[in-house]
Amino acid sequence: MFANIITKNDLRHLRNRALLVAVLLLVVIVIGLALNAVSAQRAQKNFEQAADFPRGALVYAQFKDLPGLLKQWNESQVRERYLSSVNFQQLQSRHLAMKLVSRWEEFGTAAGFDIDLAAFSSLADNRAAIAVYDIGKLDLVLVAPMNQATLEVCRFFQGKDEFEKIELPDGTTYYLHDVEADRGRQKQHLAFAYVKGRFVLATSEKLLLRTMANINGTGKKDRLADEPSFQELAKTVEPHFVTFWVEQSKLNDDWYFRHYWLMSDIDELKAMRAGMFDLEMQQGQWVERREFLLRSKLTEGVALSPQILQRIEQIVPADVPFVKIHAANNASALAELVSGSLFAAQVQKPSGRKSDRSWQNYSDSDFEVASQSDEESYGESRYSYLDSKFDSEINEVEDDNPDGSVSRLAGEQRFARTLHAALQAAHPTAAAKLTRPRMIEGPLFAEFAQATVISLQNASLLNRAELESAIGELAVRRLMIAGASGKFSWNNRTVGGNQLREMELPMLGRSVGYGVRGSELILSNNPDLLLEMMTGKQSVRTRFSANSPVYEATIIQLNERKQAFDQVFARLEEPMVKAYWRQRGGEEASGPSQEFFSGEISSLLDVASPVREIRIHRSYTSGRMKEEVTAKMN
């Protein structure tokens, strides 16, 4: 049948088209292979030092000019500020710092001289690279190009007589010294060699031999540059001032990293397989580019349009120290953002363990009033600060879930569904969170004004009645005891032709509200901030723009730290600061804060005082996450 329908001429056309498709497919494949070869060659050239190192490293770093970097650090004001900071003073007494100092002292004892920054600066003509293989044992390898003249004055080479000289069958020699590490509990080595114009230093004889084999070309598939994750990242990262690579999946399993180095929840890093960070110094700013390989191959997030970024930029007041904007493609995340801006506290998921908060479980000590001696020790009454039990025990109910967390969590989920219904027809596309802490007069002494901006495709379809109902029900659950019922009223407020809606919170003496400005819905826990965002034209400089697509943008203005950070935390931690110095010198003693926020964090901000603003742009491609962090200088 088909033979009668399809002619020979048709078959000839089909054959020609098939041939054309095959040729085009072949061209695409050839172009793809050519591009891959070019990127691979560029990666090999940019990271040629990684070919010297053995596989299995946790962290790798390469420096464009190691002596220059160390010289710049030694002569910088940043170094002076950090060495005199509270953070550095307290770091010296912590277990991690003492362990690192002790380990380097043990290596220095073996070498016969201090292994300090001055020693490291003499180990390279310019470029250098270092890799860490075991954080606990401090197993590392350093490889640096070095000419013969520099080698002659190198402190290691000058002290080689203190080391055992070992010659390999191929004639290569290296120098080895035993090290009684970790107070004699571990046996390690300090070893070095000069191989083909490279100085190699290692804290493990085995790692040194593997490195030498790679340099001599006798290693068998043992090059760090052959690690799949390293190869993949090296193709797209251009090295500048200093570049780091981390095998994040292995770091996550490292005990020392989790207990001593990690500053956040390990769950936040589990989605990452590996990462590469590059730091570049530009005119008036530092730019750090980060690229991560993710476990999931799916693309996360949605790129933000320049128009949305520009509109939100015009709404945000110029003196707001923190702003973060991202796509509004997750209903539960959007609900959490709105509820956090209006009522701050978040409801935690129930632990699943049955609570024992019955009155029979309390002892007399739970109801005692602080004695005078207690007040002298802590600088105030024990009831001046309310801990997490206040929030849970004030809502105690007699049921299978005594702390009421299940019912409150269900309420939060109901709020998310109602908010989604209110916004769905208007189609939210992006959301921004901003915070502006300030000192105020009165017993509360500080306010944390927060707001959420939601960009809508069609603001006229916003269901205001449902939105107000959702916020009112959320207020009841957040501000009243479990099982209580209540209703809050909404009022109109017109300013400069703009209509705002406010809901009074009589028990707190404040209100929450919202308004619509063009295509943006603005919600805030502070009437003054809401009014500013509704009526004023804000920052004239472009703060969210970027050369590449942006999925998330964060702005941190450090030039607002005095009002947003210093004054607030100095007041919060003032009693503890006074108590600290009173215990060390009597009633009149005083000194700088040693507390975490007003002491350590504040001192780190002093170190970074030349930086006025930090911008973080994040984007996603299939299986990757990219971040660009720009620190703009004063």
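Taking the condition at pLDDT below 80 and within 26 Å of the chain's Cα centre (by Cα), does Leu96 pass?
Spelling it out, Leu96 is indeed at pLDDT below 80 and within 26 Å of the chain's Cα centre (by Cα).
Find the helices (runs of 4 or more DSSP H) located wholly in region 33-92 whose residues include 2 or more that are farther than 30 Å from Ile215 by Cβ, out of contact with any Leu (no Cβ under 7 Å at 6 or more places or on another chain) and modelled with pLDDT of 85 or more, and list them.
By residue number, 77-83, 86-91.
Considering region 508-533 alone, what residues qualify as being small (Gly, Ala, Ser), open to solvent by 10 Å² or more (accessible area, probe 1.4 Å) and either under 22 Å from Ser460 (Cα atoms) or in contact with a Cys (Cβ under 6 Å, 6 or more places away or on another chain) (or both)?
Within region 508-533, Gly518, Ser519 meet the criteria.
Looking at region 320-346, which of the residues that are more than 11 Å from Thr452 (Cα to Cα) and touching a helix residue (DSSP H, G or I) at 6+ places or on another chain (Cβ under 6 Å) is most open to solvent (accessible area, probe 1.4 Å)?
Across region 320-346, the extreme among qualifying residues is Ser332.
Conditions tested, residue by residue: (1) within 24 Å of Ala608 (Cα to Cα); (2) open to solvent by 60 Å² or more (accessible area, probe 1.4 Å).
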| position | (1), (2) |
| --- | --- |
| Gln77 | yes, yes |
| Leu83 | yes, yes |
| Leu117 | yes, yes |
| Ala129 | no, no |
| Asn147 | no, yes |
| Cys154 | no, no |
| Ile166 | no, no |
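Within region 428-436, can one find any residue that is without any contact (Cβ under 8 Å) to a residue 24 or more places away in the chain and open to solvent by 60 Å² or more (accessible area, probe 1.4 Å)?
no
How about region 280-300: which of its residues are open to solvent by 40 Å² or more (accessible area, probe 1.4 Å) and either closer than 20 Å to Tyr551 by Cβ or modelled with pLDDT under 70 (or both)?
Those that are open to solvent by 40 Å² or more (accessible area, probe 1.4 Å) and either closer than 20 Å to Tyr551 by Cβ or modelled with pLDDT under 70 (or both): Glu288, Arg289, Arg290, Arg295, Ser296, Lys297, Leu298, Thr299, Glu300.
Could you pull out every one of the strands (runs of 3 or more DSSP E) wholly within region 138-204 that has 2 or more residues that are under 16 Å from Gly108 (Cα atoms) and free of Cβ contacts under 8 Å to residues at least 60 places away in the same chain?
173-181, 186-195
Only one of (1) in a helix (DSSP H, G or I); (2) under 16 Å from Ala191 (Cβ atoms); (3) without any contact (Cβ under 8 Å) to a residue 60 or more places away in the chain fails for Arg103. Which number is that?
In the conditions (1) in a helix (DSSP H, G or I); (2) under 16 Å from Ala191 (Cβ atoms); (3) without any contact (Cβ under 8 Å) to a residue 60 or more places away in the chain, Arg103 misses (3) alone.
For residues in region 491-506 being within 39 Å of the chain's Cα centre (by Cα) and open to solvent by less than 80 Å² (accessible area, probe 1.4 Å), which is farthest from Leu462 (Cα to Cα)?
Once the filter is applied, the top-ranked residue is Leu505.
Filter region 266-279 for residues that are open to solvent by less than 40 Å² (accessible area, probe 1.4 Å) and among the charged types (D, E, K, R) and give the result.
Correct list: Asp278 only.
If we scan region 223-245, do we find a residue that is at pLDDT below 95, open to solvent by 30 Å² or more (accessible area, probe 1.4 Å), of a type in the set (Phe, Trp, Tyr) and farther than 29 Å from Leu69 by Cβ?
Scanning region 223-245, I find no residue that is at pLDDT below 95, open to solvent by 30 Å² or more (accessible area, probe 1.4 Å), of a type in the set (Phe, Trp, Tyr) and farther than 29 Å from Leu69 by Cβ, so the answer is no.
Which helices (runs of 4 or more DSSP H) does region 523-634 wholly contain that include 1 or more residues that are among the charged types (D, E, K, R), modelled with pLDDT of 90 or more and more than 18 Å from Gln90 (Cβ to Cβ)?
Of the helices (runs of 4 or more DSSP H) lying wholly inside region 523-634, those with at least 1 residues that are among the charged types (D, E, K, R), modelled with pLDDT of 90 or more and more than 18 Å from Gln90 (Cβ to Cβ) span 527-535.
The values are calculated or read from the model by the stated rules, or taken from the named source; none is laboratory data. What you see is a predicted model; the values in this text were computed from it and never measured. Neighbour counts are summed over all protein chains in view; Cβ atoms, including those assigned to glycine, are modelled from backbone coordinates with ideal geometry. These area figures cover heavy atoms from the full protein model, side chains too; ligands, DNA and RNA do not enter into them. Shrake-Rupley method; radii C 1.70, N 1.55, O 1.52, S 1.80 Å.
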